[in-house]
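Inspection log for the structure reproduced underneath, given as structure tokens.
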Amino acid sequence: MYFNVFGEKVSRRRYKEMCEAAKNRRELIAAGLTSRRDLFKMGLLTASGMLVAKSGLSARAYGQTQTNNPPSSGGTNTSPGTNQNCVPGNQTASPPTRAFISPLPIIPLARTVSALSPTPTENPNTAAGEVRAAPFQAPQIDSTRFPVVPATLYKFTQKQFTTSGMSPDLPAQTLWGFDDGTGPRSPGPTYQAFYGRPQLTRNVNALPNINQVNNTGFGMPSVSTHLHNAHNPSESDGNPCDFYPAGHFCDQYYPNVLAGFNSDHAPNGDISESLSTLWYHDHRIDFTSQNTYKGLAGFYCLFNQFDTGSDQTGFRLPSFPQHDIPLMFNDKVFDPTTGQLVFDLFNLDGILGDKFLVNGVIQPFLNVEPRRYRFRMLDTGPSRFYEFFLTGNVGGAGSPTTNPYFLIGTDGNLIPNPIQVQSVRIGPAERVDVIIDFSKFAGKTLYLENRLNQLNGQGPAAVDSQLAPQNSSTTECSGVLNSANQGAIKPAGAGDLILKFNVSGTACIDNSVDPATNPSFYQLPSTTATPRIVRTFKFDRLNGQWSINGQFMDCNQFRFAVQQNSAEHWLLTNLTGDWTHPVHIHLEEHQIMNRNRVAPTVPTDLGRKDVTQLHPNERVELFFRFRDWLGKYPIHCHNVVHEDHAMMALWHVVPQGDNVAVP
Amino acid sequence: MPDVSRRKFLGLTAAAPLAAMALAKGAAAETAKVWPTVTEESARRRLQQLNLPNLPLVTHEGKRVLFYDDLVKDKAVSFNFFFANCDEVCPLVMANLARVQKLLGNQVGRKFFMYSLTLKPEEDTVEVLRHHRAMYGAGPGWTFLTGKPDDMEKLRRAIGFSYPDPAIDKDKTQHIGNVRYGNEPLMYWSACPGMAHPNFIAESLAWMIHPDQSRVQAS
Ligand SMILES: [Cu+2]
């Protein structure tokens, strides 16, 4: 079976033509032959303007010769590189890979080390090669609770490595990953962290330096590792503007402490601010998309006395890691000729892949028992949104079935009570925790299916009733694939089948809580506090340049100053017409107060969030409380291609905040 | 420049074990697929073919040059698009770049090469380019370029200065004001807004000259 980039089935002949077209285009460019005159000289263009019937010269031309239309002037839509989104036939698909023949990798837990040499120091150990912006804040607050050298230590070394694990139908791939001492891997090892147990990670950059073996075509071996969603002191947050090359390291202090511990809920913090599913990823300014795509990402699961990791205690959620499984989703592109992972370095809009990976493997399967599982689902992008359905009866008699499951967490933070859903939608950097009960599917096969229609980096192709009207300004696209005439959600079984569940027929014991009994988790923190200030952030595009309030990312400028231990409202507004921006804010979670002045209704909008999808023509009001830590943090779009092209702003927390309403 | 030291490592690429593994895996698949060997040079060539076409251009001095061979190969570079008769974004970006060149000092022309390419080759003749360049006080190492309209259009798309929406893409008043920067031999590429603060544009470009430097920003 052969597919184009949009997953549409194409014939073998058509596929060969697409490959030929790509090759021809490369040759034409190499030869500088792209004008009509050149084509004419080469005998490829007839006097009447028709491309001669040399099959495969251009997929677009092919379509036009079929319909007897003359090709447009040279160059349009047949050029290589970026922005081919309007022309599905113009981009060859990745090589074919077989689905559901490789097991889902269960990411191993990170291994601690007993000591680090040299011993971590409160001030950056510059002499030893450490690159850190400031001394650790936590030991300065309480050196007994937060000793400079905590009992739990990790050494994560970032390395280049090769793996043939992505698919048996592809050659070995060169990736960047994290090595906790057991060998480099991607996704990186999963942290199993606990509230009340501070820890320190030494992040060592041992990627190829500028004098070593190549990066295979993309990636910048200069890093800053961010712990996404953590209530962390700024010097350990992994700021995009603090980065270091191979041969250097940064000690990052993770206090694992609840928000409010040093302010309104001293000394232990607000239990309603408990976090559970965090992730870490490279955040190097301007190069985040490439570096995470190349593998620099992993999970950080945080537990406490309620969310214990055991189905015998606390909330009795399925036990970690046996029945509580982190799933990292991303989409990638492979060169059809070499089979190698590729990244479009020259794209400004967003990148979509045609291969769907879970935990580093293309379309894996997972054998499950007929019982409840907790899945922590993370979309690492670069630019794709997913709407996950649990689909059964694929390929059987009758239609595929859509089966409900339970949402228990948004961005990895448990919501007050489980909500039964038919599907959940997540964008880049968002997480959801779900419980799937396989007990009534013993002996059957189910799929996690993405049924969301997305054609390009702009975001989901069309809207559903929950979203504001979307402008469709497509012109040349309209005859091919028009966002206006495509439904937002594909029919069951017609989407991307990403993960296959083979449910065992053998009954088993399940001690975990049944979400259908409506158990309670944490209550939502109050949002009634009067904000000290309301700030507005306009997400826009000015002459192709992604901007916030008409300005661009600048590492040397703090755009505004938040007052420590104060509440604020932020208004995110989207002026970019038909783009969805997943907006992420570091340090503190937020709650969505309203979308276009209407209280949110979508289940994934109801909990605590660290990323909010900002849809076209929307104004979203967020509630924040900035507590405990001081220092610098960013707000940015987490479509990492937008982020890398300056849709970001730095701000900082200081004892006395400013009154800049439009930073 | 790193390309000198890189040469001695050419023999050390992961190509050989990669190819061997590919063969073993290919045999296991239904169709015995033999993947071509991938090397540092082939990865670099792929980028060249897709994004850095070797098109003939003309400089503001009337010199004929090839885009890849003469302007990009083995260099750290920046690109932006403009046209002389532009009164919207271009003057802001070009004035910024003039400041960037001053900030980078004598590295420009030696370790870094700035290129400004016209969006209107029909209007922007060599003479217009030369005049326009003088207006911004551009020093050595900042080259203004024109070429055949088809070639300029090809180049614009190849190096990522186009919109996904063809209607917007045709509107030159909305043309993309970014500055793309890269280090060709090391295959590092990104871009920043041309309307950003010139200090930060200069800093971003300098990452391509000295990619092995660290950075911290105290708060
Ligand atoms: Cu965005």
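Some points to look at:
- Which listed residue, of A:617, A:659, is within 16 Å of the ligand (Cβ to nearest atom), more than 14 Å from every other protein chain (Cβ to nearest Cβ), under 17 Å from residue A:537 (Cα atoms) and in a loop (DSSP other than H, G, I, E, B): A:617
- Counting the residues of region A:596-614 that are within 11 Å of residue A:571 (Cβ to Cβ) and either in a strand (DSSP E or B) or open to solvent by less than 40 Å² (accessible area, probe 1.4 Å) (or both) gives 1.
- The helices (runs of 4 or more DSSP H) falling completely within region B:72-159 include none with 2 or more residues that are outside the structural domain of residue B:48 (by TED's automatic domain parsing).
- One residue alone among A:398, A:409 is of a type outside the set (Lys, Arg) and either in a loop (DSSP other than H, G, I, E, B) or open to solvent by 10 Å² or more (accessible area, probe 1.4 Å) (or both), and that residue is A:398.
- Filter result (within 16 Å of the ligand (Cβ to nearest atom), within 14 Å of another protein chain (Cβ to nearest Cβ) and assigned to a strand (DSSP E or B)) within region A:540-585: A:540, A:541, A:542, A:545, A:546, A:547, A:548, A:551
- Residues of region A:620-656 that turn out to be within 16 Å of the ligand (Cβ to nearest atom) and either free of Cβ contacts under 8 Å to residues at least 24 places away in the same chain or touching a strand residue (DSSP E or B) at 6+ places or on another chain (Cβ under 7 Å) (or both), as a count: 15
- Residue within region B:162-180 that is in contact with a Pro (Cβ under 7 Å, 6 or more places away or on another chain), surrounded by fewer than 24 Cβ atoms within 10 Å (Cβ to Cβ) and more than 8 Å from chain A (Cβ to nearest Cβ) present: no
- Residue list for region B:34-62, restricted to those being assigned to a loop (DSSP other than H, G, I, E, B), more than 7 Å from chain A (Cβ to nearest Cβ) and open to solvent by 30 Å² or more (accessible area, probe 1.4 Å): B:34, B:37, B:39, B:61, B:62
- In summary, residue A:612 fulfils each of the numbered conditions (1) within 16 Å of the ligand (Cβ to nearest atom); (2) more than 20 Å from the chain's Cα centre (by Cα); (3) more than 14 Å from chain B (Cβ to nearest Cβ) with the single exception of condition (2).
- From A:133, A:138, residue being aliphatic (A, V, I, L, M) and either within 14 Å of another protein chain (Cβ to nearest Cβ) or open to solvent by 30 Å² or more (accessible area, probe 1.4 Å) (or both): A:133
- Failed item in (1) more than 30 Å from residue A:101 (Cα to Cα); (2) at the interface with chain B (Cβ under 9 Å from one of its Cβ atoms), with residue A:171 passing the rest: (1)
- Residue that is nearest to residue A:97 (Cα to Cα), among those in region A:141-168 that are among the hydroxyl-bearing types (Ser, Thr, Tyr) and open to solvent by 30 Å² or more (accessible area, probe 1.4 Å): A:164
- Any hit, region A:225-242, residues being open to solvent by 10 Å² or more (accessible area, probe 1.4 Å), within 14 Å of chain B (Cβ to nearest Cβ), part of a loop (DSSP other than H, G, I, E, B) and not aromatic (Phe, Trp, Tyr): yes
Listed here are the residues, each with its yes/no results for (1) under 30 Å from residue B:187 (Cα atoms); (2) of a type outside the set (Ser, Thr, Tyr); (3) assigned to a loop (DSSP other than H, G, I, E, B).
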residue: A:196; (1), (2), (3): no, yes, yes
residue: A:200; (1), (2), (3): no, yes, no
residue: A:208; (1), (2), (3): yes, yes, yes
residue: A:214; (1), (2), (3): yes, yes, yes
residue: A:217; (1), (2), (3): yes, yes, yes
residue: A:220; (1), (2), (3): yes, yes, yes
residue: A:244; (1), (2), (3): yes, no, no
residue: A:247; (1), (2), (3): yes, yes, yes
residue: A:261; (1), (2), (3): no, yes, yes
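- Annotation: of all residues in region A:180-192 being crowded, with 19+ Cβ neighbours inside 10 Å and assigned to a strand (DSSP E or B), the one that is farthest from the other protein chains (Cβ to nearest Cβ) is A:190.
- Failed criterion for residue A:509 (all others in (1) within 30 Å of residue A:102 (Cα to Cα); (2) within 13 Å of the ligand (Cβ to nearest atom) hold): (2)
- Qualifying residue in region A:517-538 (condition: within 16 Å of the ligand (Cβ to nearest atom) and hydrophobic (A, V, I, L, M, F, W, C)): yes
- Unmet requirement for residue A:203, which otherwise passes all of (1) surrounded by fewer than 18 Cβ atoms within 10 Å (Cβ to Cβ); (2) closer than 25 Å to residue A:329 by Cα; (3) within 14 Å of chain B (Cβ to nearest Cβ): (1)
The values are calculated or read from the model by the stated rules, or taken from the named source; none is laboratory data. Predicted, not measured: the structure shown is a model, and the values here were computed from it. In this analysis, Cβ positions are derived from the backbone assuming ideal geometry, glycine residues included, and neighbour counts consider all displayed protein chains. With ligands, DNA and RNA removed, areas are computed over all heavy atoms of the protein, side chains included. Shrake-Rupley method; radii C 1.70, N 1.55, O 1.52, S 1.80 Å.
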